[in-house]
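Presented below is the structure to which this report refers.
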Amino acid sequence: MSQHSLTDLTSHCIRCGFCLEDCPTFKITGEEHESPRGRIYLVRSAEEGKLDWDEARPHLDRCLGCRACETACPSGVEYGAILELARERLGAKPATKMLLSGLTDSRKARLQFQLGAMMPGKRMPALLSKWVSGETPEANIPRVGTVREWPTVDESALPPIRGEVALLMGCVMQVLYPDVHEATRRLLRRVGYRVHDVLGGCCGALHAHSGMTKEAGDRLTDLKQQLPPGMPLIVNSAGCGSTLKESDLKEQTLDASEFLLANGLVEVIRSGREQRVRLTYHDACHLAHGQGVRSQPRELLRAIPGIEFVELEEADTCCGSAGIYNIQQPLLARRLLERKWEFVQQSGAQIVATGNPGCHAWIAQRAEEAGQQVQVLHTLQAIEMACSGMLA
Amino acid sequence: MLTGDAVRWGAAVDRAYDCDAYTVDRSAPAAVVLPSTEQEVQAVVRWCVASRVPFTPRGAGTGLSGGAMPALGGVVISTKRLNRILEVDLPNQRLHAEAGVTNSALSKAVAHAGLHFAPDPSSQTVSTLGGNIAENSGGPHTLKYGVTAPHILTVRVVSPNGEMQEFGRRVVGGPGPAWERLVVGSEGLLGVVVSAWVHLTPVPKAVQTVLVALPTIRAASDAVASVIASGIVPAALEMMDRNILMALKVAFGLEFPADTAALLLLECDGEPKQVEEDFARMLAILKGFAPLELRVASDEAERKSLWTARKKGIGAMGRLAPTIVTHDGVIPPSTLPDMLEFVYAVAAREGIGVANLFHAGDGNLHPCFYFDDRDPKQVESVVRAGEEIMRKCLELGGSLTGEHGIGVEKVGLMHAMFGPEDMALQRRVKELFNPDTLCNPCKLIPDQKGCVEHMVRWRGVAT
Ligand code: SF4
Ligand code: SF4
């Protein structure tokens, strides 16, 4: 995280407005106080004592933290850092703490999701949602994930082992998407790497994004202790990756797509069977804007033999999932999801690939509502399925 | 009549709307209204007139002279939800769009047909059609294609007394003066623009771009003069000084030879054969000025990266200091070296940083001051320096503004440019449309009722 003060960080905004049309919440509301420029100005004013922090709060609450504004800003404003510091000033609400304590502890999360599946309806009870967001819920309670039956890989066709990498299991990921981890392991093996699972749950990203800086720091320390020194840390969840790349683990951390591309996966993918299917790609904010990882997943997906890769309109605009945003701001999150879904339909794709569990679950929910004509997969799942000849 | 979420107020909202991209003058509105239809705009204006509340139209708020700042408080009418393209008429190369559509969105909507909306202010990805019309925005390609005015066929406005009016005609030619030109550039004083028919221009078939590094400002400005004198009409002819280069290096890692004092960006566009000829001639002329480096874009990607230098140059300045203020004035192109010397001298005397960006082809200069607006002294210096530079522009036979408008920033200087008779006539025109000055008060025309106090206040500190 940035070492600068809030006043210094915010004062670098020259108010040019070049970020406005890249901000999802500005695009749908047209309101200055729901734009990056507006939010920065409110934070600066509050920090200088010219505005009550409480007045700024609702507008910061509505910020997705997607950091599309950072990509757009010619002046190099570090919006992510501003947001984290501002949220720290505001302090997380009790409801947020409750949500996070459940979500980021894998054992608790598993239990909660299992209980959730037994409750009537698919969503959080309305009363609880009112407490968290003041609105009725939109996001379904996630389901505990399972690992699909992958065909056995022909060991003799694999390259010899050339090294070992650590794979971050994560808090949410290992409960919701163990299958993504399995796909990642298989792909790493395909390019000659053995995997060391890092079980220590949580990197603290969700806490950091909610202004719980101390909790975030503690979690990071725990994680570090589990990591063999110097071993590359492979991450397949965009939000975690972007937080880790801003920590002192930044030298070691790599998104799985970066690592796999750099280690020759394209050749492996090309040698697979033909998969005739139309596929599109949604940029997770914390990959595209947070880590600048845009071309690597696309290059891998395009390498699938027979694939028809189509670009999604506004591919790098937030889908509204944004960590726990869709629980805290159900209405805005839903509007963003609808906008995303419209473009998915326009693309005519049968598969949407993306690199983050939040986006994955949220877009998949929409696909389910539409009757499952579209399948939502993690980028690495799609690729491993192609390698195993089971994508189309 | 207005839906619930169309009216916003409260401490945060008022704060957010208290200025546009001209930051040294601020004034908070009492409320912000975001209408979604022209009927809603009309209803708001009528309410304001009946209640004697001042109102100020606002597009994206990227203006650089304070045009969207609610100088006397009251209501800000945002056009951001008037964001539909109403009709596209490709065979006749025109389209009808609402005021809140961004400049880039207009071009995007017709890109498949090989057309675009030619005015290209640097803010084009965010600035709105309504704002471009109000300010008569220009851009780098103004040299060949003109400012916003010649591309506007009709303008539909809600007049300051709440009536729907349409100026202009959808075809070329017709009786009487071109009334739409009265509205274009009137800085929102003659009503709230709600929609317009615009003329579309074919995207040029060929483009050639070159970036040239030169050792002195004199050499750069002589090179500009020679290119213009040769009869070539470049699509763009831009100049940047060494301080801009510093920002570009920090922001985008763009590097130039160490002794560069000025960068020129030149572009030719049109029919392939013509472009090739013109461009070759232009390069020959440029080589005569002993350039330190000459970068020709070999493809579209490289062309884009050369343009980054120009389009994001000002934005990149934010990396050098907390705040920037970009001025805007016009001089006869031949006086450029003298003018620049003057700008440097004024900045040095005031102890503030300045970088310069020019539309060199038409003498439109943009000195950009970088400073810390938390220091009242520096704010004063910047305001004083700006005024001096504007007076120098006039002295050299130029103008107070090329494309940013007068707004509140330069309203006090209007007397220096226009004589009493001229000023009286302008005032009469304004009063004809806007008799009780409720619509966007304190802008463009000096000495308006109730604005004196405001004028005094804004010479102070950004609060
Ligand atoms: S982080 Fe995303 S939602 Fe928040 S201000 Fe930036 S672009 Fe807008
Ligand atoms: S683009 Fe950057 S400098 Fe410009 S308004 Fe947005 S955050 Fe501020």
Notebook entry, point to check: If B:GLY231 satisfies every condition in (1) part of a loop (DSSP other than H, G, I, E, B); (2) surrounded by fewer than 23 Cβ atoms within 10 Å (Cβ to Cβ); (3) on the phi < 0 side of the Ramachandran plot but one, which is the exception?
Noted result: (3)
Check: Assuming A:LEU83 fulfils every condition listed in (1) at pLDDT 95 or above; (2) within 12 Å of ligand 1 (Cβ to nearest atom); (3) of a type outside the set (Phe, Trp, Tyr) apart from one, which condition is it?
Finding: (1)
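Kindly indicate which of B:ARG46, B:ARG15 is charged (D, E, K, R), assigned to a helix (DSSP H, G or I) and more than 30 Å from B:GLY329 (Cα to Cα).
Values: B:ARG15 fails: more than 30 Å from B:GLY329 (Cα to Cα).
Going through B:ARG46, B:ARG15 in turn, the sole match is B:ARG46.
Go through B:VAL45, B:VAL33, B:VAL41 for me and flag whichever is more than 10 Å from chain A (Cβ to nearest Cβ), crowded, with 23+ Cβ neighbours inside 10 Å and in contact with a helix residue (DSSP H, G or I) (Cβ under 9 Å, 6 or more places away or on another chain).
Numbers: B:VAL45 fails: in contact with a helix residue (DSSP H, G or I) (Cβ under 9 Å, 6 or more places away or on another chain); B:VAL41 fails: in contact with a helix residue (DSSP H, G or I) (Cβ under 9 Å, 6 or more places away or on another chain).
Only one candidate passes the filter, namely B:VAL33.
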Check: Right, A:THR10: part of a helix (DSSP H, G or I) and closer than 18 Å to B:ASP375 by Cβ or not?
Finding: yes
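Tally the residues that are under 26 Å from the mean Cα position of the chain (by Cα) and either facing chain B (nearest Cβ under 10 Å) or within 25 Å of B:HIS327 (Cα to Cα) (or both), restricting the search to the stretch A:1-12.
Residues meeting the conditions: 2.
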Margin query: So if I check each of A:GLY239, A:GLY170, A:GLY211, which one is over 26 Å from A:ARG298 (Cα atoms) and either open to solvent by 40 Å² or more (accessible area, probe 1.4 Å) or modelled with pLDDT under 90 (or both)?
Written below: A:GLY211
Note to self: Which numbered condition in (1) surrounded by fewer than 24 Cβ atoms within 10 Å (Cβ to Cβ); (2) within 9 Å of ligand 2 (Cβ to nearest atom) is the only one that A:GLY49 fails?
What the structure shows: (2)
Checklist line | Residue satisfying all of: in the stretch B:269-312; in contact with a helix residue (DSSP H, G or I) (Cβ under 7 Å, 6 or more places away or on another chain) and part of a helix (DSSP H, G or I); nearest to the other protein chains (Cβ to nearest Cβ) among these | finding: B:THR308
Checklist line | Test for B:ALA316: is it within 12 Å of chain A (Cβ to nearest Cβ), out of contact with any strand residue (DSSP E or B) (no Cβ under 9 Å at 6 or more places or on another chain), open to solvent by less than 20 Å² (accessible area, probe 1.4 Å) and in a helix (DSSP H, G or I) | finding: yes
Check: Under 7 Å by Cβ, and 6 or more places apart or on different chains, what pairs join a residue from the stretch B:246-260 that is away from every other protein chain (no Cβ under 12 Å) with one that is in a helix (DSSP H, G or I) and open to solvent by 100 Å² or more (accessible area, probe 1.4 Å)?
Finding: B:GLU255/B:LYS249; B:THR260/B:ARG242
Note to self: Go through the stretch B:58-75 and report how many residues are surrounded by fewer than 24 Cβ atoms within 10 Å (Cβ to Cβ) and facing chain A (nearest Cβ under 9 Å).
What the structure shows: 0
Margin query: Looking at the structure I just gave you, is A:GLU55 within 11 Å of ligand 2 (Cβ to nearest atom) and in a helix (DSSP H, G or I)?
Written below: no
Next item on the list: Kindly provide the set of residues from the stretch B:391-441 that are assigned to a helix (DSSP H, G or I), crowded, with 17+ Cβ neighbours inside 10 Å and in contact (Cβ under 8 Å) with a residue 40 or more places away in the chain, ordered by number.
Entry: B:LYS392, B:CYS393, B:VAL411, B:LYS430, B:PHE433
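Just checking, how many residues over the stretch A:25-45 are more than 11 Å from ligand 2 (Cβ to nearest atom) and part of a helix (DSSP H, G or I)? Write out each step before concluding.
Within the stretch A:25-45, the first condition is being more than 11 Å from ligand 2 (Cβ to nearest atom), and the residues that meet it are A:25, A:27-31, A:33-34, A:42-43, A:45.
Retained after the next criterion (residues that are part of a helix (DSSP H, G or I)): A:25, A:27-29, A:33-34, A:42-43, A:45.
Of the residues in that region, 9 qualify.
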Checklist line | Selection count where residues are within 11 Å of chain A (Cβ to nearest Cβ) and out of contact with any strand residue (DSSP E or B) (no Cβ under 8 Å at 6 or more places or on another chain), scope the stretch B:1-13 | finding: 4
Note to self: So in the stretch A:17-41, with the set limited to residues that are away from ligand 1 (no atom under 11 Å from the Cβ) and touching a helix residue (DSSP H, G or I) at 6+ places or on another chain (Cβ under 8 Å), which one is most open to solvent (accessible area, probe 1.4 Å)?
What the structure shows: A:PHE18
Check: Residues in the stretch B:26-42 that are acidic (Asp, Glu) and either in the same structural domain as B:GLU163 (by TED's automatic domain parsing) or more than 26 Å from the chain's Cα centre (by Cα) (or both): how many?
Finding: 1
Next item on the list: State whether the residues of the stretch A:343-363 include one that is open to solvent by 10 Å² or more (accessible area, probe 1.4 Å), in a helix (DSSP H, G or I) and of a type in the set (Phe, Trp, Tyr).
Entry: yes
Check: Which ones in the stretch B:76-111 are assigned to a strand (DSSP E or B), more than 14 Å from chain A (Cβ to nearest Cβ) and among the β-branched types (Val, Ile, Thr)?
Finding: B:ILE85, B:VAL88
Next item on the list: Please find, within the stretch B:247-276, the residue that is farthest from B:GLY315 (Cα to Cα) out of those that are open to solvent by 10 Å² or more (accessible area, probe 1.4 Å) and in contact with a Cys (Cβ under 9 Å, 6 or more places away or on another chain).
Entry: B:GLN274
Note to self: Suppose we filter B:LEU190, B:LEU153, B:LEU200, B:LEU129 for residues that are open to solvent by 20 Å² or more (accessible area, probe 1.4 Å) and within 22 Å of B:ASN83 (Cα to Cα); which single one remains?
What the structure shows: B:LEU153
Notebook entry, point to check: Is it fair to say A:LEU331 is surrounded by fewer than 20 Cβ atoms within 10 Å (Cβ to Cβ), closer than 26 Å to A:ASP61 by Cα and in contact (Cβ under 8 Å) with a residue 60 or more places away in the chain?
Noted result: yes
Next item on the list: For A:GLU70, work out the one condition from (1) open to solvent by 10 Å² or more (accessible area, probe 1.4 Å); (2) more than 8 Å from ligand 1 (Cβ to nearest atom); (3) not aromatic (Phe, Trp, Tyr) it doesn't fulfil.
Entry: (2)
Notebook entry, point to check: Does B:SER36 meet the test of being free of Cβ contacts under 8 Å to residues at least 60 places away in the same chain, outside any loop (DSSP other than H, G, I, E, B) and among the hydroxyl-bearing types (Ser, Thr, Tyr)?
Noted result: no
Check: Considering the stretch A:214-236 alone, what residues qualify as being open to solvent by 60 Å² or more (accessible area, probe 1.4 Å) and assigned to a helix (DSSP H, G or I)?
Finding: A:LYS214, A:GLU215, A:ASP218, A:ARG219, A:THR221, A:ASP222, A:LYS224, A:GLN225, A:GLN226
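The values are calculated or read from the model by the stated rules, or taken from the named source; none is laboratory data. A quick note: this is a predicted structure, and the numbers were derived from the prediction, not measured. Don't worry about glycine lacking a Cβ; one is built from the backbone with ideal geometry, like all the others, and counts go over all protein chains shown. Quick note on the areas: whole protein, heavy atoms, side chains included, nothing else; ligands and nucleic acids left out. Shrake-Rupley method; radii C 1.70, N 1.55, O 1.52, S 1.80 Å.
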